[in-house]
């Protein structure tokens, strides 16, 4: 009897340990949820945490993003994250496919997402995932249920900031209020309804795309603030050197030419970012309430950067840092230690490969990106990229020519196909604002030789070419609003939208 009693007591004492072991095994087997949130046209440095890190060099020291800062503090912040094509629709297609645009068929803003494309949600579905795409899709005026996703609540084209119709699984539905508040509610509803199964949620915000209209609660936020002056405000790109200043630009030029330590900036852009921060806070709180925080990979990023006068530019598209560099925050408590900062080069072709590996799904060979799992796990030695290829394709109606580049950790070579005299090279370590073109400087001939070799290697690695579904520049080489530089256009390979030789 005594023996039986002792055995019972021992078993009773072991129960907590057994429960913990079972819980640990369940956690190990549990597939993570994925919540990928991204803004439109948000620069890499348009985060409160980055501005504080930059100290006296901060361009927007007054910017406040407490919820995004929380995400960085509880996870990982990539300092060197980039878009491989700094343009809205191509970035969205790259996120969903893990591929460059010349392969997935989307290299401009007016092309619908091709049917039959490689699809992250479709690849995750056999592993038990339910998926949703919410918010801005763009891809011209493509309408209907978003391809590959189980659920979608999205608007057509650019939509509008207030009272924007939303297509719920392809059915037009009226809404009221600030569109990014509305799509946040759709995203939250999807999370609540699918909390008991692994899910993929991609949420694309309209902010901070023009016309830069924040909600009323932030209409006066940052009133009276200005941006710190930076050295490249008056340094123009080579394809714009011969043009006259556009009409209406005299005030901006005068501001740049003055001796003031600050310059006017687009405050409505930053007001919109702070409104997005509000919504990110709502979603983080919901994950806490649903007890999904530990099991959810939350990524926050942008489709591309944006110029605010640097190189005399607005918009994005070209290959300077302000356009191609993006914010990238990742939180996954089960794998990522809090407060980490990472300097490795990461790209917007990587999230698809990362999510697939974390879900236990093999990425197809056609995926260009690399999984971040080894970075999350803080492995001491593993192969990683030390350079990447960038490519923007001329888009009708816009003044940026086809632009290609290779960027390493410390240097960049920019080429404009058909116009070798526009080639640029920068030593980013000594010249982070890209003010001094070293392409033809004999003292840097060895650097150019190395970058030329890297350019060729990276170009071949992705099978780069100018596809026949890209817009064709005018035969005389002219660009909208520009002169006629007599650009010789490179040969174009005929391809199908999937990238296969036609």
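The values are calculated or read from the model by the stated rules, or taken from the named source; none is laboratory data. Every value quoted in this text rests on a predicted model; they were computed, and no experiment measured them. Counting neighbours? That spans all protein chains shown, and the Cβs are built from the backbone with ideal geometry, glycine included.
Side notes on the structure shown:
- Only residues that are in a strand (DSSP E or B) and touching a helix residue (DSSP H, G or I) at 6+ places or on another chain (Cβ under 7 Å) were counted across the range 322-363, and they come to 3.
- Pairs linking a residue in the range 458-473 that is in contact (Cβ under 8 Å) with a residue 60 or more places away in the chain to a residue that is assigned to a loop (DSSP other than H, G, I, E, B) and surrounded by fewer than 16 Cβ atoms within 10 Å (Cβ to Cβ), with Cβ atoms under 7 Å and 6 or more positions apart or on different chains, are 466/490; 466/492; 471/396.
- For residue 334, the conditions (1) surrounded by fewer than 20 Cβ atoms within 10 Å (Cβ to Cβ); (2) farther than 21 Å from residue 59 by Cα; (3) without any contact (Cβ under 8 Å) to a residue 60 or more places away in the chain are fulfilled apart from (3).
- Given (1) at pLDDT 95 or above; (2) surrounded by 15 or more Cβ atoms within 10 Å (Cβ to Cβ), number of the condition residue 399 does not satisfy: (1)
- The range 365-396: number of residues that are in contact with a helix residue (DSSP H, G or I) (Cβ under 8 Å, 6 or more places away or on another chain) and modelled with pLDDT under 95: 1
- Any hit, the range 476-483, residues being surrounded by 16 or more Cβ atoms within 10 Å (Cβ to Cβ) and either within 30 Å of residue 118 (Cα to Cα) or at pLDDT 95 or above (or both): no
- Tally, over the range 158-208, of residues that are without any contact (Cβ under 8 Å) to a residue 12 or more places away in the chain and within 18 Å of residue 297 (Cβ to Cβ): 1
- Among residues of the range 83-110 that are touching a residue at least 24 places away in the same chain (Cβ under 8 Å) and on the phi > 0 side of the Ramachandran plot, those with a beta-carbon under 6 Å from a residue that is part of a helix (DSSP H, G or I) and surrounded by 24 or more Cβ atoms within 10 Å (Cβ to Cβ) at least six positions away or on a different chain give the pairs 98/352.
- Residues within the range 270-306 that are farther than 16 Å from residue 66 by Cβ and surrounded by fewer than 22 Cβ atoms within 10 Å (Cβ to Cβ), tallied: 9
- Verdict on residue 270 being touching a helix residue (DSSP H, G or I) at 6+ places or on another chain (Cβ under 6 Å) and at pLDDT 95 or above: no
- Counting only strands (runs of 3 or more DSSP E) wholly contained in the range 131-227, the ones carrying 2 or more residues that are under 19 Å from the mean Cα position of the chain (by Cα), over 30 Å from residue 310 (Cα atoms) and at pLDDT 95 or above occupy 199-204.
- From the list 374, 383, the one residue that fits, being exposed (fewer than 13 other Cβ atoms within 10 Å of the Cβ) and within 24 Å of residue 407 (Cα to Cα), is 383.
- Of everything listed in (1) surrounded by fewer than 24 Cβ atoms within 10 Å (Cβ to Cβ); (2) assigned to a loop (DSSP other than H, G, I, E, B), the single unmet condition for residue 106 is (1).
- Scanning the range 37-79 for residues that are surrounded by fewer than 17 Cβ atoms within 10 Å (Cβ to Cβ), in contact with a strand residue (DSSP E or B) (Cβ under 8 Å, 6 or more places away or on another chain) and under 16 Å from residue 343 (Cα atoms) turns up just one, 79.
- Within the range 109-127, restricting attention to residues that are surrounded by fewer than 17 Cβ atoms within 10 Å (Cβ to Cβ) and in a loop (DSSP other than H, G, I, E, B), the residue that is nearest to the chain's Cα centre (by Cα) is 110.
- Annotation note: of 452, 409, 434, 424, the sole residue that is touching a strand residue (DSSP E or B) at 6+ places or on another chain (Cβ under 9 Å), surrounded by fewer than 18 Cβ atoms within 10 Å (Cβ to Cβ) and in contact (Cβ under 8 Å) with a residue 40 or more places away in the chain is 409.
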